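The block underneath contains the structure these notes are about, expressed in structure tokens.
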Amino acid sequence: MSLLDTGYDKFDAIEKHHNDGAESCSVTLTVTDSEDDVENFDGETGKEHGHAEMDALYQFLNGIGWDVEQFKTYSLTLTCQDKACCKHCSAILGHLGVTAGEKTYKSNRTMGKTSYSIHPSFRSFLAKYLKCKEEKIRVELLGWTT
């Protein structure tokens with residue numbers, strides 16, 4: 001199975017195609033550290049980090065300097081009630097062990113009118129976290145052709 005399929009299966013959200021009809025979306029990523037301190041990151045589309053889910057993750061990961069070992073000390077929950085998380089976002093969330101919040105769904109459909117992409121720093125982080133080459137991230141997870 002590809003990274004896209006295995007990650008999608010790992011994301012614990014219920015599969016339900018739900019869309020409010022708007023192109024924009026907002027999410028809240030709740031991050032809990034090992035001492036139970038909580039911080040929320042609000043993600044939105046149109047912030048140059050991809051979909052709202054990736055915008056929230058970008059903010060958090062950028063804040064910890066893209067440090068894979070530090071990332072492993074947190075638990076993350078994503079809440080998105082506007083629409084279901086697309087297949088690509090769901091796969092990334094699944095690989096990172098993010099828990100689905102209340103009324104957060106996943107869809108096996110892609111969303112948006114352009115190809116799916118994430119910030120280069122995010123691609124590099126995922127390659128380190130998943131212990132694979134960035135090429136595998138681009139081809140299997142993002143669906144790019146070489």
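Bear in mind that the values in this text are calculations on the coordinates, not laboratory data. What you see is a predicted model; the values in this text were computed from it and never measured. Virtual Cβ from ideal backbone geometry, glycine too; neighbours counted across all protein chains shown.
Numbers for the structure displayed
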read-out	value
Cys132-Thr32 FRET efficiency (beta carbon distance; Förster radius 22 Å; 0.05 resolution)	0.20
Candidate lysines - alpha carbon under 24 Å from Lys131, same-chain residues fewer than 8 apart omitted	Lys10, Lys72, Lys87
Listed residues Leu76, Leu96, Leu130, most fluctuating in the chain (Gaussian network, C-alpha, under 10 Å)	Leu130
Linear extension gain, Tyr74 paired with Glu44, 0.36 nm per residue minus alpha-carbon span	8.6 nm
Structure-based [θ]222 nm, the chain - -39500 (n - 2.57) summed over DSSP H runs of at least 4, per residue, nearest 500	-8500 deg cm²/dmol
Amide H contacts under 5 Å for Thr99, placed H, 5+ residues apart	Leu76, Thr77, Leu78
Cβ-based net charge around Ala100, under 12 Å, with every Lys or Arg adding one and every Asp or Glu removing one	0
Among His51, His95, His18: highest mean-square fluctuation, GNM of the chain, C-alpha pairs under 10 Å	His18
Beta bridges by DSSP in the chain, antiparallel share as percent, to the nearest 5	70 percent
